[in-house]
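Trainee: Pasting in a structure now, in structure tokens, and then I'll have a few things to ask.
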Amino acid sequence: LANPYDLSLRGLGRPQSQSLKDPAVQRYQKLANELVFAMAPRPLAPAETLGMSGFEFSLVSTLSDISEGEDYWQGQPGNPIFEGVLSSHSSHKIPSRFWVPTAHLRKGLPMSTEIGISGTYLAYSEMFMLGGEFKGALHESYFRWAPAVSFRVAFGRLFGASDLDIMSGEWDVLASMPFGLGGMVQLTPYLGYGMLYAQVNSQVIDETPYEVMDATDQKGGTDGSLYTFPTIEWQDNSYGRFFGGFRVNVAMMELIYEINLGFADTTLQSHSIKLGFDV
């Protein structure tokens, strides 16, 4: 049995062509963009790096909005997008946002650089995304009155989706400035902007996922019930992302809040809370 929020692309309708202007293909692209925005690696840290001996482990809880009223999430009669969401006998409805818990590891490297890995799970589904990132500081602690500035690149790969194969990529520029509070606490607000990219591939989809005795009884008729959506390449699938947040450090513990705004076909929003240990 499918988990409530596993996806079925049959609900998008069958494309009549492989053009990006085809209505079904446009629905496919918009759905993929919102899924990528929810699950792609997030910065979740100020601009400064950990230092050569630094290591951080953290857990993150993110709520990411989706356009639940749009037809690319609503699906079609008899073909819902969410395989486990059937109004007649399911307690789960089409969500207005995704909950995506994440485990995040970062390791400091020489020359004010660091690497990180993350694992993000889409709750109530079988889908998860593994990500890797690299960050390098352009300015860090040279002048106390100037903010730290860094650049970051990251990639992600989606697993567990029966109909979709997605790779994400992103670059960001960040700035942050720490402030001491009472000699015990450090507050570091940060903000940044970057671009989020996705390469989206469709698996083979069966329009009639059940056996029929007569080919004319299947959806697609005698042309067959199997089809795919076109591959959407990186250059055809990108949008800007703004983010900002703050970190509170007490000894080795840190708490981070971050908001992300994605400027795709509609403005997307996510909110993240991160609890980490920086050693």
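Trainee: What list of ³J(HN,Hα) values in whole Hz, one per residue of the stretch 108-122 in order, does the Karplus curve 6.51 cos²θ - 1.76 cosθ + 1.60 (θ = phi - 60°) give from phi, with Gly and Pro shown as x?
Mentor: x, 10, x, 6, 6, 10, 7, 10, x, 10, 8, x, 10, 10, 7
Trainee: Collect residues whose amide H, placed 1.01 Å from N in the peptide plane, falls under 5 Å from the amide H of ALA198; neighbours closer than 5 in sequence don't count.
Mentor: GLY169, ASN237
Trainee: For the chain, modelled as a GNM with alpha-carbon contacts under 10 angstrom, which of PRO95, PRO110, PRO77 fluctuates the most?
Mentor: Sorting by GNM fluctuation, first place goes to PRO77.
Trainee: ³J(HN,Hα) across the stretch 190-196 via Karplus (A = 6.51, B = -1.76, C = 1.60, θ = phi - 60°), whole Hz, x for Gly/Pro?
Mentor: 8, 8, x, 8, x, 10, 10
Trainee: If the cut-off is a Cα-Cα distance under 27 Å, which lysines reach LYS21, setting aside same-chain residues fewer than 8 apart in sequence?
Mentor: The qualifying lysines are LYS30, LYS219.
Trainee: Which whole-Hz couplings ³J(HN,Hα) result when phi for each residue of the stretch 154-169 is put into the Karplus expression 6.51 cos²θ - 1.76 cosθ + 1.60, θ = phi - 60°, listed in order with x for Gly and Pro?
Mentor: 8, 9, x, 9, 7, 10, x, 9, 6, 10, 10, 10, 10, 10, 10, x
Trainee: Measuring from label point to label point, each 7 Å out along Cα→Cβ, what is the ASN3 to TRP171 span in nm?
Mentor: Placing both labels 7 Å beyond Cα along the Cβ direction yields 3.4 nm.
Trainee: Evaluate the distance, in nm, between pseudo-label points positioned 7 Å from the Cα of GLN16 and of LYS93 along their respective Cα→Cβ axes.
Mentor: It works out to 3.4 nm between the two label points.
Trainee: Excluding residues on the same chain fewer than 8 positions from LYS135, give the lysines whose Cα lies under 24 Å from its Cα.
Mentor: LYS107, LYS274
Trainee: Tell me the Kirkwood hydrodynamic radius of the chain in angstroms, computed as one over the mean inverse distance between distinct C-alpha pairs.
Mentor: On the way: mean 1/r = 0.0496 Å⁻¹.
Radius from the Kirkwood sum: 20.2 Å.
Trainee: Towards the positive end of the charge dipole of the chain, with charges on Cβ (+1 Lys, Arg; -1 Asp, Glu), say which of MET253, SER141, GLY69 has the farthest Cα.
Mentor: Selected residue: SER141.
Trainee: Just the Cα atoms of the stretch 46-133: what Rg and Dmax do they give in Å?
Mentor: For the stretch 46-133, the Cα radius of gyration and maximum Cα-Cα distance read 18.5, 59 Å.
Trainee: If one takes the longest principal axis of the Cα atoms in the chain, at what angle in degrees, from 0 to 90 and to the nearest 10, does the Cα axis of helix 23-39 lie?
Mentor: 30 degrees
Throughout, read-outs are computed from the coordinates displayed, never taken from laboratory work. Fair warning: this is a prediction, and the values are worked out from it, not measured in the lab. A quick note on method: Cβ atoms are made from the backbone with ideal geometry, for glycine too, and the neighbour counts reach across all protein chains shown.
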